1. If you restrict to DSSP beta bridges whose two residues both lie in the chain, what percentage is antiparallel, to the nearest 5?
2. For Asp127, enumerate residues with amide H under 5 Å from its amide H, sequence gap 5+ or separate chain, H modeled in the peptide plane.
3. Could you calculate the contour length gain from Thr3 to Val272, that is, 0.36 nm times the residue separation minus the distance between their Cα atoms, to one decimal place in nm?
4. Could you give me the ³J(HN,Hα) list for segment 216-231, computed from phi with Karplus coefficients 6.51, -1.76, 1.60 and θ = phi - 60°, whole Hz, x at Gly and Pro?
5. Only bridges with both residues in segment 262-467 count here: give the DSSP antiparallel percent, nearest 5.
6. Note the angle between two axes, namely the Cα long axis of helix 341-356 and the longest principal axis of the Cα atoms of the chain, as a number of degrees from 0 to 90, rounded to the nearest 10.
7. Near Lys117, which aspartates and glutamates are there with a Cα under 15 Å away, not counting those fewer than 8 places off in the same chain?
8. When the accessible area of segment 1-101 is split by element with a 1.4 Å probe, what percent falls to carbon and sulfur?
Amino acid sequence: MTTPLTSYVQGRWHTGSGKPATLFNATTEEALATCDSSGIDFGAVLEHARAVGGPALRALTFEERGQMLKALSGAIHDHREELLDISAANAGTTRKDGKFDVDGATGTLAAYSYFGKELGARRFLADGEGIQLGRTARFWGQHIAVPRQGAAVHINAFNFPAWNMMEKAACALLAGMPVIEKPGTATAMLAWRIAQITVASGILPEGAFQFIAGSTGDLLDRMGPQDVLAFTGSAWTANKLRSNENLLRNSVRANMEADSLNAAVLAPDVEVGSETWRMFLRNVVLDMQQKTGQKCTAVRRVFIPATHAEEIKAELVALLGGIVTGDPTQDATTMGPLASAAQLRDVRAGMERLAAAGRILCGGADAVHPKGYFVAPTLIEAGSADTAIFHQEEVFGPVATLLPYDGSAASATALVARGEGSLVGSLYSNDTAWVEETVLGLAPWHGRLWIGSDKMAEQSLPPGMVLPSMIHGGPGRAGGGEELGGVRGLAFYMQRTALQGFKGQVHGCFGPQEAAAAN
Ligand code: NAP
């Protein structure tokens, strides 16, 4: 029997009346659930958020909204085991990979509850210091930020059904905007169960959280100037959505988190067998294995000094050979299947295109198990680092390409930039001059740069991990968006307004020190 995934709209659970999409168990290929949003009045959903959820949230201070996020984090965490089981079945995640998603969601909510506490008992933010505009201080300027009075529509990717929904919701709710969440259909079962827990907890005011299982219908065509759209998914869909005529006409603010050919670059100073060398190998393998490579931040292009190519190939192939692919619920398994049949088809086709321009060192597109959406971890050696396809084709699975280069910062910068904008780049070097030159060359192409060295190896979190206190997003192909980054993440959901007037009013009511008292 399959579970029909319902939508939570206008204060009630809605069952679709059309032809549903089917969700499958990624290991057994058995049907698990169905998803259907037909019959929803999307204009009314937006209006419910604007008229009911928005005012209720804006009546609260940042601190009070933060307390809600903390309670919500706890309510979801109470169901952790059940959520990990759903993730294993529907998304094919091992327990570790499921925790990465589910604990990522509760951890981000908890982090934003802390940021709310820090912001205190206010309802708007003073942005920077005041500015004297007149001959004397009587004519004064101050920027402030207030919550937008629309709905925050969140369209999320299939690969992080829990984290992706809650990292966006945490920022929006803390800023004071109600959310409408739409998960990727293939793995929507986990997001739906979290939506059920969220609604049943009664923690959020009515209208602050709505959930759509299935298509968004004409939702985007009904969005207005105070609404915002935050999207995570492929570059192709991002471009389609951002060119929606209604969004353009109404200047609807849109944030796009798209795909990325993230690079890892090993500098020539790193000694074979050193701390940094081992960290580099470990992180490349982790990125290929974790979530079966279905991570927007996973490394896809591995740049290695040509002088070390043979040692690196041998070590990576040996480490990848130790990955145990199979049923994610079994303790011995270290890598589960891909999330869906469509993913399996796309990853195999992508592997074949990359392999045609290079050489498979391990893995390949052949079937790994008779049932389930399994592929082997696959390392491809580029014939030449110049070949365009290695900088263009994101294969969203456990696949990476080795690209030998001459070791110079100038070459590394030029080659990495051919990805045309990435979420994260990881550099491995103890040579400060090399790091400085490479960072300055690559920062314009990246939302985040991670620098591995002997000095931080012991304490470092891997580059693929998105932290709520640091920004996530990237220029160009990566979508041009920016999320999280602590309180920076609220800016998207708020209107910045420049106030100009008598200092007694502008500074007195809205200055940085006075903001708390004025609320
Ligand atoms: P996708 O096919 O682009 O879908 C993303 C979301 O958009 C899904 O919820 C999908 O719904 C929805 N969607 C598709 N067409 C739509 C339309 N016309 N109107 C409204 N919604 C629409 O991407 P995906 O396969 O889920 O995710 C994999 C991709 O996401 C990879 O390329 C990966 O790099 C990228 N990604 C990026 C980030 C980041 O933070 N930058 C994070 C994770 C993933 P349905 O599922 O119902 O079609």
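1. On the way: 28 of 71 bridges.
Close to 40 percent.
2. Residues meeting the criterion, in which the H sits 1.01 Å from N, are His143, Ile144, Ala145.
3. Working: separation 269, 0.36 × 269 = 96.84 nm, distance 5.25 nm.
The Thr3-Val272 span can extend by a further 91.6 nm.
4. Using θ = phi - 60°, the values come out as 8, x, 9, 3, 5, 6, 10, 6, x, x, 9, 7, 9, 10, 10, 10 Hz.
5. Details: 4 of 28 bridges.
Antiparallel bridges make up about 15 percent of those DSSP assigns within segment 262-467.
6. Here the helix axis deviates by roughly 50 degrees.
7. Glu63, Glu64
8. Of all accessible area on segment 1-101, carbon and sulfur atoms account for 52 percent.
The values are calculated or read from the model by the stated rules, or taken from the named source; none is laboratory data. Computed from a predicted model, the values in this text were never measured in an experiment. So basically every Cβ, Gly included, is an ideal-geometry build from the backbone, and we count neighbours across all protein chains shown. Heads up: the accessible areas ignore ligands, DNA and RNA and are worked out on the full protein's heavy atoms, side chains in. Shrake-Rupley method; radii C 1.70, N 1.55, O 1.52, S 1.80 Å.
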